[in-house]
Structures are given as structure tokens and as C-alpha cells.
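Working notes, beginning with the structure itself.
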Amino acid sequence: MKIACLIVCLALGGTASPAMARELFGGIYAHDVKTQLDKSGVEGGADVMLGWRGGSIAHTPLQPYAFGVLNTAGETNYAAVGLSAKFGKRLYVRPGLGIAVHTGSTRNYEDPTNGKVDFGSRVLFEPEIGLGYQVSDRISVEGSWVHMSHAQLFGRQNPGMDNIGFRLNLKL
């Protein structure tokens with residue numbers, strides 16, 4: 001799986017021209033926050049995120065991204081790749097959609113006594129949205145929501161997971 005993630009990251013790195021800006025980002029997130037969009041809220045800890053975002057693709061606002069997340073309590077870790085778009089200048093919104101793989105339970109039934117999110121699939125959709133502020137030419141900060149689920153495409157079991165936090169972006 002590590003080799004597959006490396007190959008995807010290298011492939012995404014080649015999609016933007018060298019003249020286009022690229023970013024590194026890092027952040028801290030509340031893990032498995034209970035919201036109206038999931039049936040979860042059982043795992044604990046914080047998530048530490050580190051990622052990369054490429055330049056725009058073919059003069060569109062679309063940017064490829066890849067990131068990894070480690071949970072401080074040893075719960076579900078995950079990695080995702082996808083596309084996002086930035087709308088606005090100083091104050092902006094950044095929606096994104098990706099595919100994630102995770103280390104959590106893939107059971108196709110919910111066991112309320114195991115203290116784990118039983119996702120029902122190893123591969124999940126990863127929609128996200130961020131609201132950001134451009135601090136300088138190279139630095140921006142974002143508050144963001146990252147969701148993971150399989151939208152019941154791989155079975156009826158789909159508790160989903162929501163992570164909410166902040167990230168710092170550094171343009172290279």
C-alpha cells in the first residue's frame with residue numbers, strides 16, 4: 001500500500017507544469033466528530049495531517065492533492081488523493097473530492113461495543129471543504145471539514161467519519 005501511495009503521489013506531481021505553484025500543508029483535526037452526516041462519533045484522539053497540493057490543471061481552478069493523516073490515539077489513520085478547487089483571493093472557499101484508504105475496521109456491520117468505526121470498505125470517498133484566509137503571498141490558513149464514507153455503494157453499512165480542524169498552507 002505504501003508503494004501504491006508513492007506512485008499516486010508521483011503521478012499527481014507530474015500533472016501540473018513546473019511553473020505553477022505547489023503547496024505543502026499541515027494541520028490538526030478533531031477525529032471522528034459526530035455530525036448529522038454520519039452515524040459515528042466513537043473514536044478518539046486528534047488527527048495530524050501532512051499533505052501536498054499541485055498547481056492548477058490546464059488553466060482551471062482544479063488542483064490535485066495528496067495527504068496522509070495519523071491519529072494520536074492509534075485509531076483510524078488514512079491517506080487520500082483527489083482534486084480541489086480554490087475560489088476567491090484573500091478570503092476563499094476550497095471544495096475537494098478524493099478517494100481515501102484507511103487502517104480502520106472494514107467490517108460490514110456496526111458493533112457498538114468495539115469502540116471502532118466499522119466502515120464496511122477499505123476504500124472510501126473523501127469529500128472536503130475548507131474556508132481559508134490568504135495571510136501573505138506564500139501562507140494561508142484554513143478551517144476545514146473532511147468526511148469519509150462509501151455512500152452505501154459497497155453495502156448498507158456506512159457510518160462515515162467527519163474530521164474538523166485547521167491547516168496551514170505554504171506555497172513553494
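With a cut-off of 13 Å between beta carbons, the residues surrounding LEU50 carry a summed charge of 0, where Lys and Arg count +1 and Asp and Glu -1.
Neighbours of THR106 by Cβ distance under 11 Å: Lys/Arg scored +1, Asp/Glu scored -1, total +2. Distance from a point 7 Å along Cα→Cβ of ALA85 to each backbone N in the range 119-152: keep the residues under 17 Å and list them by number. Under 17 Å, as judged by backbone N against the label point of ALA85, lie 127-132 of the range 119-152.
Spin-label pair VAL93-ARG22: with each label point 7 Å from Cα along the Cα-Cβ axis, the two points sit 3.0 nm from one another. The Cβ shell under 9 Å around LEU24 holds other residues with a net charge of +2, Lys and Arg each +1, Asp and Glu each -1.
Here, each number is a calculation from the coordinates, and none is a lab measurement. The structure displayed is predicted, hence computed values, not measured ones. FYI the Cβ positions are ideal-geometry reconstructions off the backbone, even for glycines, and counts take in every protein chain you see.
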